[in-house]
Amino acid sequence: MTCASILPIFAAAMAAAQQDTPTPTFRAGTKLVEVDVVARSKGEPATGLTKDDFTLLDNGKPQEVAFFSVQSRSVPLPPAVGVAPLPARVVSNRSEPGGHPAGNTTVLLLDQRNTPQPDQAFAIQRIAKFIATRGPRDRTGIYTFGREGSLKVVQEITSDSELLSRAAASLKARDPSYLSPDVSGLSERPTARGRGAPEPPQGHAAAEFTELFTGMLIRTREIDTRQVLEQAARHLANVPGRKSLIWISPGFPLHWKYLDFTPDMLEAAVNLNDAGVALYGVDPRGVAGALSGQTGIAPAEYGGVHSQEQIAALMIGEGRFPAPFGAETTMFLASLTGGLAFGNDNGIEKLIQAAADDGEFTYTLGFYPAQEDRDGVPHALRVAVSKPGIALRYRQNYLASSSAPAANDRAALQQLLTDAVDSIRVELTAAASPDEANPGSWQVKVNANVRDLRLTHEDATYAGGIDVSFHVEGSGKVITKTLKIAIPDDQFAAFLEKGIDTSQTVEATGNTGSVRVVVQDLNNGAAGSLTVPLKGE
């Protein structure tokens, strides 16, 4: 389909576009950088802030906030804050039916690589309690990783309590297979020494060997952990809204003797940040005080955790409680990604809930980096708010990609058609209605956001193209059509406002319930996908 066939769809919008329309906020070929901000005042969400209350800096340089939204799970949003509700029967891959951006997602990551087996067993019991008491509409997933060093999805993200309870019940404590160094013979004293020679310290060789072996073991665990966190980031990148990855783990030292794991963990944080994932640490070791392990009271020293104030006192990530061994890695990752670290409490399910609730009210600021700033290295981010008494947490960096992904690197169409999670790199809305002229057929209308497409600008025209694919559930047929885009400068503002529309008639018979729609940018491979229900009038 050519531009000539697309333009009539926008005749009304184009007629309204004037020659003196201000230059739109758009940079062809750049990627919108989104920064989720948790703002709290006196222990409660700081509501009522507007775009003008925030200042956003990239490597110290002020940025124009091109995108602003508010996400809330429990605090009502004023009408002026959200966008207009979606029309009836219209679905989106980025927002909920009410028009607000998709809410928060919580993923539990049970670390069976760094956690002793008894602590795993204790944590699994508490995970089941959390699942039983979580909100029925909360979107939650359960993942694990073990000694093989790979991510395992026990239950994909869902709000189905039955599926989550079943997944929690299937968790089993596993041996992390910590190896012990064989020091037999190294601690023995020599059988023969020269007359008058001092007796060497017993166990000196064994101590040196054990130290070396321990360093190698921690290094192996660190490599496995970084790989799994990066796998989780890639897996969650297409999930809309803010994602809270709750890493249930004692962690491991950020430094060990001559080893420094900071660069690797910084790389993991950059990957998490680019996927919009905030990491929260929950230490499964429970109370580490004098009575630890000697009583069933939870927690013995502190009389249990019953309030947000008491939970806040156990935020090791904010220095309110001494960090136990290994927690510095969790604290480091949490601070870089806008999360928190919790520990020293037997009520692990309450700590998980506190982590899940932390992002219940979130502001999202988005900006487009200038071409000269896209140098392919991590950039420091800083967010400030004009109103006093408000504490902010947010991602501390982003990767200023120097080039967009090549078109031949795009995700395979088959994967996008069958993936349970929608792709959101291109924002889509769609709706289906019966085709009155063709009984048994449906007309599917799709709209793609022009701001998410990589367009080239030449000869006063923005040019590019998209593939749009349709697959009816239960059928073996995929319909794909290519739309070429060529938008004159004086009409571009209207396209930014209205997007690109297309439609397709599909056949649907029997018990067919939905059609999968995929849009792929031909210039850089960015994709958007969603599932459109087929319902009667």
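How do the strands (runs of 3 or more DSSP E) wholly within the range 333-407 filter down when requiring 2 or more residues that are within 30 Å of N524 (Cβ to Cβ) and touching a helix residue (DSSP H, G or I) at 6+ places or on another chain (Cβ under 7 Å): which remain? The strands (runs of 3 or more DSSP E) meeting that bar are 397-399. Residue count for the range 432-467 satisfying the condition of being among the acidic types (D, E), more than 23 Å from V518 (Cβ to Cβ) and assigned to a loop (DSSP other than H, G, I, E, B): 2.
Candidates in the range 210-260 are the residues that are hydrophobic (A, V, I, L, M, F, W, C) and surrounded by fewer than 16 Cβ atoms within 10 Å (Cβ to Cβ); of these, the one that is nearest to T158 (Cα to Cα) is I223. The listed residues are I218, I223, and the only one of them that is at pLDDT 90 or above, over 27 Å from A128 (Cβ atoms) and of a type in the set (A, V, I, L, M) turns out to be I223. Within the range 513-520, can one find any residue that is of a type in the set (K, R) and buried (at least 16 other Cβ atoms within 10 Å of the Cβ)? Within the range 513-520 (the criterion being of a type in the set (K, R) and buried (at least 16 other Cβ atoms within 10 Å of the Cβ)), the answer is yes, since at least one residue qualifies. Within the range 110-127, the presence of at least one residue that is touching a helix residue (DSSP H, G or I) at 6+ places or on another chain (Cβ under 7 Å), among the small types (G, A, S) and at pLDDT 80 or above is confirmed. In the range 134-181, of all residues being assigned to a helix (DSSP H, G or I) and under 23 Å from the mean Cα position of the chain (by Cα), the one that is surrounded by the most Cβ atoms within 10 Å (Cβ to Cβ) corresponds to L164.
The values are calculated or read from the model by the stated rules, or taken from the named source; none is laboratory data. Computed from a predicted model, the values in this text were never measured in an experiment. A quick note on method: Cβ atoms are made from the backbone with ideal geometry, for glycine too, and the neighbour counts reach across all protein chains shown.
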